[in-house]
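The values are calculated or read from the model by the stated rules, or taken from the named source; none is laboratory data. Worth saying up front: this structure is predicted, and the values here are computed from it rather than measured. Ideal geometry is used to build each Cβ from the backbone, glycine not excepted, and the neighbour counts take in all protein chains shown.
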Amino acid sequence: MFDQSQIQEFKEAFTIMDQNRDGFIDKEDLRDTFAALGRINVKNEELEAMVKEAPGPINFTVFLTMFGEKLKGTDPEETILHAFKVFDTEGKGFVKADVIKEKLMTQADRFSEEEVKQMFAAFPPDVCGNLDYRNLCYVITHGEEKD
């Protein structure tokens, strides 16, 4: 399911999240992880919902399995690129952010205004209003920006 470098990255992430170093991620580990990321007032219900997604205690094997299940539904990078290329009439790797926003909010599985804001916060358009969809597709399918 994952190659060795991906497994190593997941292991590092697991180790960071396992704040008390007991080999399991629990509600308090999640609370501490959120706090380390600057989000202090996480509701108990939210943490409990996260922990309940697992079939049992979250050790590294369960953690890895959960990520595999989450990533399984992601379309291949080439499929996502083709979807954006429809709007890239000049073939430059950029599309107008306002066009993408309009399509996301009016077609198929519609995005809410908040979801569009979150996407543009993570992948802001350039000063001309263009969205680098090639980098966006890479991040969606690989989880990190290209160097």
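What the table below lists for this structure:
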quantity	calculated
Subset of the stretch 52-61 [loosely packed, with under 15 Cβ neighbours inside 10 Å and either in contact with a Pro (Cβ under 9 Å, 6 or more places away or on another chain) or in a strand (DSSP E or B) (or both)]	none
Within the stretch 120-138, tally of residues that are touching a strand residue (DSSP E or B) at 6+ places or on another chain (Cβ under 9 Å), over 14 Å from residue 88 (Cα atoms) and assigned to a helix (DSSP H, G or I)	1
From the options 93, 56, residue that is without any contact (Cβ under 8 Å) to a residue 60 or more places away in the chain and not assigned by TED's automatic domain parsing to the domain that holds residue 24	93
Residues (part of a helix (DSSP H, G or I) and aromatic (Phe, Trp, Tyr)) located in the stretch 72-115	84
Test result for residue 61, more than 16 Å from the chain's Cα centre (by Cα) and closer than 28 Å to residue 2 by Cα	yes
